[in-house]
């Protein structure tokens, strides 16, 4: 199985401008993500996909593989798909460029998932910290007993009607692996109603009846969208 990781990265973030180039523990955020991905055995390549010349220049200065993609890409998945059209691989892994706590183990779990017969799309979940259960920014996922996603939501699911305290809440982590065919189909479909309502693009797969398999990981992450997120990650990395 030939697997390529793609890191979509753009400068035009509204909440945290120039996000990929912001320093965390002395390194640009995109460098932390790239180095973690590159340390994962089983990948034949790691490629940054960007529309920003500054990011391209940084990558070339460090010897990282980079591809320029269209400014019209609406999402990171569209950027991954554009790169996939130029590459020969069985599986493409979408590694978010704003996940500086990415670890090789995250990608390793996805690769193991994609080795299973019939799996076209995989993603990750971890136990949701109690303080994040009610937060819309922490996306919750519910799966069947085999590990197929039943639903993703910013709401608190499942609902603990009797306040039993025994419900295990699982937090979705935004790492994805797709077969080429699944990625092609995803980008051909229009935005779905549920996807639009929750602002969660993975629901497009579920709306079209595509099984989305979920692997568990003990390693939580923090997606950096704000200055406060960046400071939290800075503290975590400096404490290691």
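What follows draws every value from the coordinates through simple rules; no lab data is involved. Not measured: the values here are computed from a predicted model. Here the Cβ is made from the backbone with ideal geometry for all residues, glycine too, and neighbour counts use every protein chain on show.
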Find the relative contact order for the range 51-161 and round it to a whole percent, using C-alpha pairs within less than 8 Å whose residues are 6+ positions apart. 12
Taking R0 as 51 Å and r as the Cβ-Cβ distance between residue 45 and residue 155, the FRET efficiency 1/(1 + (r/R0)^6), rounded to the nearest 0.05, comes to 0.85
For the range 143-203, what is the largest minus smallest coordinate of the Cα atoms on each principal axis, given in angstrom and ordered from greatest to least? 43, 25, 16
Proxy reagent accessibility, fewest Cβ within 10 Å first, across 152, 219: 219, 152
Computed from the beta carbon distance with a Förster radius of 30 Å, FRET efficiency for residue 57 and residue 231 to the nearest 0.05 stands at 0.65
Based on the Cβ-Cβ distance of residue 112 and residue 239, what FRET efficiency does E = 1/(1 + (r/R0)^6) give at R0 = 25 Å, to the nearest 0.05? 0.30
Where N is the number of residues in the chain, Cα Rg divided by 2.2 N^0.38 Å: 0.98
Note down the nm distance, to one decimal, between modelled labels 7 Å out along Cα→Cβ at residue 162 and at residue 15. 3.7
Any chance you could list P(r) for the range 12-121, counting all Cα-Cα pairs in 10 angstrom bins from zero, rounded to whole %? 13, 46, 33, 8, 0
To make sure I understand, if each residue's beta carbon is the centre and we count other beta carbons within 10 Å, what order do 140, 171 fall in, fewest to most? 171, 140
If I take every Cα pair under 8 Å that is 6 or more residues apart in the range 1-91, average their sequence separation and divide by the length, what percent do I get for the relative contact order? 35
May I ask you to list the residues of the range 92-112 whose amide nitrogen lies under 20 Å from a point 7 Å from Cα along the Cα→beta-carbon direction of residue 199? 96-100
Return a whole-number percent for the relative contact order of the chain, with Cα pairs under 8 Å and 6 or more residues apart as the contact set. 23
Fewest-first ordering of 4, 222 by Cβ atoms within 10 Å yields 222, 4
As a test, work out the antiparallel percent of DSSP beta bridges whose residues both lie in the range 76-229, rounded to the nearest 5. 80
Give me the base-10 log of I(q)/I(0) for the range 104-220 at each q in 0.10, 0.12, 0.14, 0.23 Å⁻¹, Debye formula, one uniform scatterer per Cα, rounded to two decimals. -0.30, -0.43, -0.58, -1.41
